[in-house]
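These notes concern the structure reproduced below.
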C-alpha cells in the first residue's frame, strides 16, 4: 500500500489550490480516503473523508464549506481543493486510508498515511 | 462531535521507564479507538487499533486498553526511538476526532 502526495505549494491569499494523493497497492474503491491538517507546531485535525466506491463524503464541521474532497477512480487519486485560500490554511496536509484492517473481526482503522504536502499561503 | 481529551499534554521520562497516556471520550465509543505515533517532520504511524490490538510490526512493549469512554496507551520499557508525539483517534462516529496529543520527551 502506498499513498503518494503531490509536492509543496506556495500560494497567495485568495488563490485556489488542489493537492492530490495517489493510492496504489490495494483496491481503491473499497477503502475510505481522507485528509488531516497539521498547523505548524500543532496537533492533528481530521478534515474529512470520501468513499471512492460511491463518493459518499463526510466533513468535519470545522472544514465544511471551506474545502472540497473528491476522487478520480480512474487514476486512484484523491484531491483536497480550496477555492479561496487564507493565510490560516498554511499547514501540512496528510491523506490517509481507512478501512477493514482485520478481516476476522472486521476491525476498521486509519492504517496508512501519505507523506504530507506542505501548503504555504502568504502575500 | 465526539470530543477526545488526552492527557498529559507532555511527559518527561527516561529510557527504560514505563509510561501511560490516557484518552477520554465525551461519549461511549465502544472500542473504536486507535493510537498513533508521530515523529518530527513525518506522517503519523498506527500503533494500536480497536483500543487494544497491536498493529503489524509494532513492538510488544506498546499496549492499549479501555472500552467505552476511557482508554490507555502504555509503553512498558521506553526505548530511545519512542520519544515522539502520540495521538488517540476515535473511529466510532463521523467526524472522526483526535486527542490533543502527548509529547514524550527524554528526561
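Spin-label model, residue A:24/residue B:14: points 7 Å from Cα along the beta carbon direction are separated by 4.8 nm. Region A:66-123 and region B:35-80 have Cα centres spaced 22 Å apart. Taking 7 Å steps out from each Cα toward its Cβ at residue A:68 and residue B:27 produces label points 3.0 nm apart.
A straight chain from residue B:45 to residue B:61 at 0.36 nm per residue would run longer than the Cα-Cα distance by 4.2 nm. Within region A:1-102, the proportion of Cα pairs with more than 22 Å between them is 27 percent.
Hey, with R₀ at 22 Å, roughly what FRET efficiency would residue A:56 and residue A:102 work out to, going by the Cβ-Cβ distance, to 0.05?
Values: r = 22 Å, r/R0 = 1.02.
Calculated transfer efficiency: 0.45.
Among B:17, B:82, A:54, sorting on how many other beta-carbon atoms sit within 10 Å of each Cβ, with the fewest leading, yields A:54, B:17, B:82.
Sort A:80, B:54 so the one with the fewest other Cβ atoms within 10 Å of its own Cβ comes first. Mind dumping the intermediate values first?
Working: A:80 25, B:54 16.
By the 10 Å Cβ count, ascending, the order reads B:54, A:80.
If the chain linking residue A:83 and residue A:115 were pulled fully straight, counting 0.36 nm for each residue of separation and taking away their Cα-Cα distance, it would gain 9.2 nm.
Each listed q (0.19, 0.30 Å⁻¹) maps to a log10 I(q)/I(0) for region A:22-64, found by the Debye formula over equal Cα scatterers with no solvent: -0.65, -1.01. Taking only alpha carbon atoms, chain B gives an Rg to Rh ratio of 0.94, where Rh is the Kirkwood radius.
Using the Cβ-Cβ distance between residue B:70 and residue A:15 with R0 = 41 Å, the FRET efficiency computed as 1/(1 + (r/R0)^6) comes to roughly 0.35.
If you scale each eigenvalue of the Cα gyration tensor by 5 and take the root, what three semi-axes come out for the protein assembly as shown, rounded to whole angstrom and sorted largest first?
Over the Cα atoms of the protein assembly as shown, the semi-axes work out to 29, 21, 16 Å.
None of the figures in this text is laboratory data; all of them are computed from the coordinates on show. Everything quoted here is computed from the prediction, not taken from an experiment. Using ideal geometry, Cβ is built from the backbone for each residue, glycine included, and neighbour counts are taken over all protein chains shown.
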